[in-house]
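Input: a single structure, listed below in structure tokens.
The values are calculated or read from the model by the stated rules, or taken from the named source; none is laboratory data. Because the structure is a prediction, the values reported are computed rather than measured. With ideal geometry, Cβ positions are generated from the backbone for all residues, glycine too; neighbour counts draw on all protein chains shown.
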């Protein structure tokens with residue numbers, strides 16, 4: 001069972017326990033354990049969000065669409081090494 005389904009089931013237990021006719025001693029113990037379960041699941045879920053295990057749908061499928069491009073010479077390109085390459089570049093201009 002996933003954490004979200006478990007939290008929903010615990011929520012139903014907490015909501016309907018007062019109306020089911022459960023004896024008070026059982027009800028106190030049941031609500032104590034359900035409450036502890038909710039706290040533990042919430043901490044685990046928070047840890048997953050902080051560590052990045054859970055990501056938002058927009059971050060999961062998004063591409064890098066930065067609009068900023070630095071002007072200037074491309075860092076990967078090499079300067080022309082021969083006289084022929086220099087002549088080719090100057091003829092294009």
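General remarks:
- Residue 54 vs. criteria at pLDDT 85 or above, within 33 Å of the chain's Cα centre (by Cα) and surrounded by 11 or more Cβ atoms within 10 Å (Cβ to Cβ): no
- Selection of region 38-51 for residues being modelled with pLDDT of 90 or more and in contact with a helix residue (DSSP H, G or I) (Cβ under 6 Å, 6 or more places away or on another chain) yields 38, 41.
- Sole exception among (1) at pLDDT below 90; (2) surrounded by 12 or more Cβ atoms within 10 Å (Cβ to Cβ) for residue 81, by number: (2)
- Of all residues in region 13-24, those satisfying the criterion of being assigned to a helix (DSSP H, G or I) and either surrounded by fewer than 10 Cβ atoms within 10 Å (Cβ to Cβ) or at positive phi (or both) are 15, 19, 24.
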